[in-house]
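Here the structure comes first, spelled out in structure tokens, and everything after it is commentary.
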Amino acid sequence: MQTPIHGTCDAAFHAVREAFQNNFIEHGEIGASVCVTVNGVTVVDLWGGFSNPQKSAIWQEDQLVNAFSIGKGVTAVVAAQCVANGYITYDTRVASVWPEFAVHGKEELTLRDLLGHRAGLPAVRKRLAPNAMFDWKQMTNALASEQPWWTPGIEHGYHVNTYGFLVGEMLRRATGKSVGRLISEFIAEPLGAEIYLGTPIDLHSRIADYEWPNDPFPENEPTGLDEEQLLQFNTYYNPSGLSGAGVVNSAPWRQAEMPSTNVHASARAISTLYTFLAYGGSHDGIELLPREVLDIASSEVSHGDDRVLHRMSRFAHGFQLPIPERGFGPNAESFGHFGAGGSVGFCDPKVKVGFGYVMNQMGPRWQNPRNRALIDSLYSCLQ
């Protein structure tokens, strides 16, 4: 029996609907939404499936989903807005607003370095208590006092979970507001887009539950790890639960602010945000960002061998940039961010695309067949 698909799809983009339907048939999709705008017009707005692994609750039109690292792109927008509003610049030294950070060779690191994953702080060495990621002060204090894992400001490595604490604390020190508050004021309210960081408890019933793979949930650090092995382990598992394993469906996770990892949003909201970015920061008479600031925000900071991923990666000022083996589409101008398990938000300024896809079935993190099928089918319609 086919999973019922709801919503609208322009006839010219029927291939996207077919790919979306096929994800349920061939790729184990449980529940998902995809929303696409082209030239400022919504051409795909589809949803279907179930909002929990037990398949007892129907996926809703306005379903909220933990979008994982899509939040890094959202945080990049907030950082750019702080630059545009004069709170900070990309070349502002972190220590100038966060004095405790100025130890162990980190004195000259800038906001640009944090956004470009060049801080050398993808993990904390000292073992932290389980669920310490819910304690903002504990996490940022630990990172401020940490010694970089490589020479900071030169090499880069994906700060999977620490990016949000680092950038977020710098922005908090500069503005007096948390990233969650800045998202609300700078993005969600003016755009009418449901994007939350620190999701209010009265909205938790609208959040889809994830099916998480049966990975071990390490409570304790393995013994005998060398420096590189410790870096890899602690990036994902210090503290335990840092990446979401065992806690992603809990109220504390949903209420916390972890900008790298736990933005909750709908596909429509993500598509709306990236529609504005596709248009250079302004659309429908609303300015999200001045074009000149967005041009900087989407320009390359880091490109090359990634010290954490052990493969090629490429970053702008918080956004992922396309590389041959992992593009958003065929056009080099695209930028955005993938999320763990398959979610993705991006824009393509060349063809004015704003794209949002969220789901609740974790899948391959690097090359996910579900988002790939949706993106490929979209561009087949644009040829």
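Bear in mind these aren't lab numbers, they're just calculated from the coordinates by the rules spelled out. Bear in mind that the values here come from a model prediction, so they are computed numbers and not experimental data. Note: ideal-geometry Cβ built from the backbone for every residue, glycine included; neighbour counts use all protein chains shown.
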Unit charges at the beta carbon, dipole of the range 66-322: most positive-side option, LEU321, VAL74, LEU182:
LEU182
Dipole check, the range 66-322, charges on Cβ (K,R +1; D,E -1), about Cα centroid: among MET258, VAL83, LEU230 the Cα furthest to the positive pole belongs to VAL83
To the nearest 20 debye, the range 66-322 has a Cα-centred charge dipole, built from +1 on Lys and Arg Cβ and -1 on Asp and Glu Cβ, of 280
Trypsin sites (Lys or Arg not before Pro) restricted to DSSP loop in the range 1-97 with at most 16 other C-beta within 10 Å
LYS55
Determine the relative contact order of the range 269-375: mean sequence separation of Cα pairs under 8 Å and six or more apart, normalised by residue count, in whole percent.
26
Selection from SER298, GLY280, VAL103 lying farthest towards where the dipole of the chain points positive, charges on Cβ
VAL103
List, in the order given, every pair from LYS72/LYS352; LYS126/LYS177; LYS55/LYS352; LYS106/LYS126 whose Cα-Cα distance in the structure shown is over 24 Å.
LYS126/LYS177; LYS55/LYS352
Taking the alpha-carbon centroid of each part, what is the distance from the range 364-381 to the range 210-272 in angstrom?
24
